[in-house]
Each structure stands twice: as structure tokens, then as C-alpha cells.
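Student: Below is the structure I would like to discuss, written out as C-alpha cells.
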Amino acid sequence: MKLSFAVYTLNLLHPFTIANFTRTTTPLIITKIEYENFVGYGEASMPPYLGETQQSAILFLKKVDLQLFKTPFEIENILKYVDSIAANNTAAKASIDIALHDLVGKILNKPWHQLYGVSIDNMPETSITIGIDNISVIKQKVKEASAFNVLKVKLGSNNDKEIIEAIRETTDKPICVDVNQGWTDKHFALDMIHWLETKNTLFVEQPLSKTKLDETAWIKENSPLPIIADESVQRYADIEKIKDAFDGINIKLMKCTGMHEAYKMIHLAKELNLKLLIGCMNESSCANLAAAQLAPFAAWVDLDGPFMITNNPFKNPTLEKGKIQLEEISGIGVKLNTELNFENI
Ligand code: MG
């Protein structure tokens, strides 16, 4: 198996603002694993607040020696080895996991949703994110999102109610609310959640700081809406720690090191009666379609990455009736349509 990588920068359609940060690009590393005549693609997306950079990902990838393994079918062993090389680096690890899954699916000539045994009829509609912005831009973004039937609204600003009212003047589509830890007081949070319930809201994600588990558990006990963990849960081992404070979890490949661990998290969450959201960072179709293979396991899907960028190096996913279409393409279903300069490890 031969590993190589290319450096790439995604340009965002709109400057992206969440509770405490604005940016216009997202750095990526695209990985490629070759074996016999097959090629698998992977992706590391590294929004700066998560602590990884293109440099740190390259340093990590240079430590990976896939020659230690005879075939790509040893997924469990290969990923255990990759995980043991260094702590953190979850996006860099995900870039190997995704490329490996793409490769194995291609060798087996099957898409992963078939290997997982899920029905594509169970694919939930994906939401599209409406970041924090001034009210006229928010209304414009809602209008531009006409192909989507669910909106994910970022709150945690000083005019949260004004944002929701503006959206409700524009559309009555259901909304998911993501506070990104932006509220500080549990009573304020619960009052907001009761108000949001009257505004056709499906759930509220990460209302308080990721460490405030007791206060979040209190909100959960009293909330009329499901409370979903995002920043509080990164990997499999975190689920047990937060399970009593939340009704569900947001699984993202870049947080949890990829499809293999995400699949295990899905099964543990189901055992614990936690609801599931499959989410993403600003990503190209590569990581996005990898996550989409797992999306039929989830109640909600937030896989809007490729629809919020202007220079996707892969073919854009097809959207029909607000759902990402899982096609009968082997592997993760991705097609590179840009010339990239891959460097060997
Ligand atoms: Mg979130």
C-alpha cells in the first residue's frame, strides 16, 4: 500500500461565523492510498479552532508506514496502529481511515452503505447551516437554501431571538439550533429552549460549555427538546462520560478519526438510547460522502459541507428532496475532478 497526500484550501461560499470565530477558507489535506490497481481517497478538514494544521497533518502522515501491512483488509489493525502513532491528530487519522475505506470498498466493488447493510430509503434530509450574520444576510442565506428542507441555525450571539424571528419571517421549515457552547447560564438556556420549541425547532446542540455536564443534565431533564452533544463528545470513549447529560450525540468523522470509529460509536449510542446526528466540518465531497454512507443509521443529518464551498476538488454530491443521494458507486462514492499534486510519503 502506498500513501500520498495533497495540500488543498477550500474557499467558503460565505464567511463562516459561529459563536466566537469567523473565517473564509478551510485548510485540507487530501490523501490517497494505492494498492495493486486500486486507489482510495481520504480527507482531513482542519478548521483552525480544532488545533490541527496542514503542517501537523503532514508531520503525522510522514510517520505512517503502511508497508507494515500486507493488505488493506486489515482495517482494524491498520487503524489501531495509526491511532497509536500520536495522540490527537484526529483529522489526519480520519484522512487515512476514509482513504482505506474507499480503497477496500473499491476492491470489493461495493459502496459502503451496502457493506453496512443500511437502506438508502432511511437517509434523513440534510440540514444546511445558517451561520451568525447580520439579519439581512441571514434572510438572504435562508432564501439561497431553497433546496434544503431543514435549517441548522447557529445561535450564541447577543441577538438570538432576532435571528430566529428573521428566519421565521422568511420560512416555516423546521430548524435545528446549534449554540456551540455560547450560552453561559442554564436558566437562560432553558428559557430559550422553551421559546425555541414554539418556533418549530427539532433539537438544541451544545447549549453550554463542553465541561458543564451537571448543568447540561439539568437542562436535559427539564427541556421539551432533545439536547445534543457536539463539543462534549469527540470519540468512542467520551460517550460513557456524557451519556447522562445529553439526549443524543453529533458524530463527525474529523472528531472521531473516521468511519471505523464512527460505526462503533453509532452502535454504542443505540445501545444507550442516545439519538444520533451525523455532522461535518467544512469539507469537500470526500469526507462528506464517507459520512453519508453512515447517515441512514442516524435520526438527523447535517452534511452540508460541499454545498458551502466554491472549489470542491471532487464531484459534488447529488441532492434530491433535501437528501444526499447515495449512489451505487463502490467505496465511499467519490470522484476526483481536479488535478492535485500528490506527494509520496
Ligand atoms: Mg455543533
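Student: With free of Cβ contacts under 8 Å to residues at least 12 places away in the same chain and not hydroxyl-bearing (S, T, Y) as the only criterion, which of K62, K80, K110, K106 stands out?
Tutor: Step by step, each of K62, K80, K110, K106 is checked, and only K80 is free of Cβ contacts under 8 Å to residues at least 12 places away in the same chain and not hydroxyl-bearing (S, T, Y).
Student: What are the residues in the stretch 209-231 that are within 15 Å of the ligand (Cβ to nearest atom) and either aromatic (F, W, Y) or open to solvent by 20 Å² or more (accessible area, probe 1.4 Å) (or both), if any?
Tutor: S209, K210, P226, E231
Student: Here's a follow-up. Of D83, D97, which residue is touching a Gly at 6+ places or on another chain (Cβ under 7 Å), assigned to a helix (DSSP H, G or I), surrounded by 18 or more Cβ atoms within 10 Å (Cβ to Cβ) and not assigned by TED's automatic domain parsing to the domain that holds P306?
Tutor: Criteria check complete, one pass: D97.
Student: Within the stretch 255-297, track down each residue that is part of a loop (DSSP other than H, G, I, E, B) and either open to solvent by less than 10 Å² (accessible area, probe 1.4 Å) or under 16 Å from E43 (Cβ atoms) (or both). Explain how you work it out, then say what you get.
Tutor: Pass one, the stretch 255-297, residues part of a loop (DSSP other than H, G, I, E, B): 257-258, 272-274, 280-284.
Selection gives T257, G258, C280, M281, N282, E283, S284.
Student: Pairs needed: first member in the stretch 167-178, farther than 17 Å from V204 by Cα; second member anywhere, among the β-branched types (V, I, T); C-beta distance under 7 Å; at least 6 residues apart or different chains.
Tutor: Cβ pairs passing all conditions: T170/V142; T171/V142.
Student: Condition check: more than 16 Å from the ligand (Cβ to nearest atom) and under 12 Å from the mean Cα position of the chain (by Cα). Does M281 satisfy that? Don't jump to the end; show me each part of the working.
Tutor: On the way: more than 16 Å from the ligand (Cβ to nearest atom): no; under 12 Å from the mean Cα position of the chain (by Cα): yes.
Against the criterion (more than 16 Å from the ligand (Cβ to nearest atom) and under 12 Å from the mean Cα position of the chain (by Cα)), M281 does not qualify.
Student: Return the pair list, or none, for Cβ contacts closer than 9 Å from residues in the stretch 191-218 that are at pLDDT 95 or above to residues that are open to solvent by 80 Å² or more (accessible area, probe 1.4 Å) and assigned to a strand (DSSP E or B), at least 6 apart or on different chains.
Tutor: Hits for this filter: F203/K275.
Student: Also, I was wondering about something else. Determine the pairs where a residue that is in a strand (DSSP E or B), located within the stretch 302-331, has a partner that is open to solvent by less than 40 Å² (accessible area, probe 1.4 Å) and charged (D, E, K, R) with Cβ atoms under 6 Å apart, the partner being 6 or more residues away or on another chain.
Tutor: G331/D102
Student: Still on this structure, please answer the following. Taking the stretch 15-36 as the region of interest, how many residues are open to solvent by 60 Å² or more (accessible area, probe 1.4 Å) and part of a strand (DSSP E or B)?
Tutor: Count: 4.
Student: Additional query: Taking into account only those residues within the stretch 111-136 that are touching a Gly at 6+ places or on another chain (Cβ under 7 Å) and more than 12 Å from A298 (Cβ to Cβ), which is surrounded by the most Cβ atoms within 10 Å (Cβ to Cβ)?
Tutor: Step by step, filter the stretch 111-136, then rank; the result is W112.
Student: I would also like to ask the following. Of the conditions (1) away from the ligand (no atom under 12 Å from the Cβ); (2) among the aliphatic types (A, V, I, L, M); (3) within 22 Å of the chain's Cα centre (by Cα), V204 satisfies every one except a single condition; which number is it?
Tutor: Looking at each condition in turn, V204 falls short on (1).
The values are calculated or read from the model by the stated rules, or taken from the named source; none is laboratory data. Here the structure is a predicted model, which is why all the values come from computation and not from measurement. Every residue, glycine as well, gets a Cβ built from its backbone with ideal geometry; the counts of neighbours run over all protein chains shown. For the accessible areas, the whole protein counts, side chains as well, though only heavy atoms, and no ligand, DNA or RNA atoms are used. Shrake-Rupley method; radii C 1.70, N 1.55, O 1.52, S 1.80 Å.
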